[in-house]
Amino acid sequence: MNCISLKRMENSMKSFGHEYNNMRKILVVYYSLEGNTKMIAKEIAGYLGADEEEIRPLKEIGTGFSKYFWGSSQVLMKKKPEIHSLQFNPENYDTIIIGTPVWAWTYAPPIATFLSKTNLKGKNVAFFSCHGGQNGKTFQNFKDETSESRIIGEIDFFEPLTKNKEDSLLRVKKWCDELLANL
């Protein structure tokens with residue numbers, strides 16, 4: 001089923017007073033420091049008609065070059081920073097799509113906190129990442145943390161805000177159609 005069909009179904013359901021998202025509840029959860037992951041998350045959520053949850057640490061790591069140092073050290077020391085309360089309860093969703101920037105070849109520490117506090121057992125789970133170099137072991141680490149979930153997809157984006165915006169947005173749409181086919 002493509003997005004146009006889903007939008008027609010959603011519009012039809014809305015005309016009867018129902019939301020399509022109540023039939024197949026999808027949540028896009030992400031952390032973004034520089035805006036790349038946020039841009040992709042918003043595109044995915046908009047395309048799928050999903051709810052969107054931005055993970056926000058209680059204390060951000062800073063700006064400039066120090067963010068790379070502190071971010072990498074948090075990853076290497078396996079830190080799990082405290083995060084703000086979530087607006088949406090992931091337990092109320094069938095499908096969770098998780099997005100992260102890549103830090104030290106894996107997902108960012110605020111996502112580690114989310115994963116450690118959230119029961120994803122039996123859920124459909126998909127992952128996306130944004131990076132300026134390599135994806136490293138990001139997806140393998142995601143899979144290790146969500147081994148009791150049904151993995152339905154993964155995709156990475158190279159600097160989507162500055163280098164490949166149009167291509168990235170096209171890839172988002174294609175990937176979303178693939179995810180829907182896997183549900």
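The numbers here are math on the coordinates, done by the rules we state, and not lab data. Because the structure is a prediction, the values reported are computed rather than measured. Heads up, the Cβs are rebuilt from the backbone with ideal geometry, glycines too, and the neighbour counts pull from every protein chain shown.
Longer than 20 Å from Cα to Cα, which of 38/174; 59/121; 38/163; 38/143 are they? Say none if no pair is.
Violating the 20 Å limit, Cα to Cα: 59/121; 38/143.
Describe numerically, in nm with one decimal, the distance between label points set 7 Å from Cα along Cα→Cβ at residue 170 and at residue 183.
Spacing of the two 7 Å Cα→Cβ label points: 2.5 nm.
If I take R0 = 35 Å and measure r between the Cβ atoms of residue 162 and residue 60 in this structure, what FRET efficiency does the formula 1/(1 + (r/R0)^6) give, to the nearest 0.05?
Given R0 = 35 Å and the Cβ-Cβ separation, E is 0.95.
Using θ = phi - 60° and the Karplus curve 6.51 cos²θ - 1.76 cosθ + 1.60, what whole-Hz ³J(HN,Hα) does each residue of the range 121-129 get, with Gly and Pro shown as x?
4, x, 8, 6, 10, 9, 10, 9, 9
Near residue 123, which aspartates and glutamates are there with a Cα under 18 Å away, not counting those fewer than 8 places off in the same chain?
Cross-link targets: 51, 52, 53, 91, 94, 144, 145, 148, 154, 178.
Between residue 94 and residue 134, how many nm apart are label points set 7 Å from Cα along the C-beta direction?
3.9
With +1 on each Lys and Arg Cβ and -1 on each Asp and Glu Cβ, how big is the dipole of the range 21-182 about its Cα centre, in debye rounded to the nearest 20?
280
Sorted from largest to smallest, which semi-axis lengths in Å does the alpha carbon gyration tensor of the range 21-182 give for its equivalent ellipsoid, taking the root of 5 times each eigenvalue?
With the √(5λ) rule applied to the range 21-182, the semi-axes are 23, 19, 14 Å.
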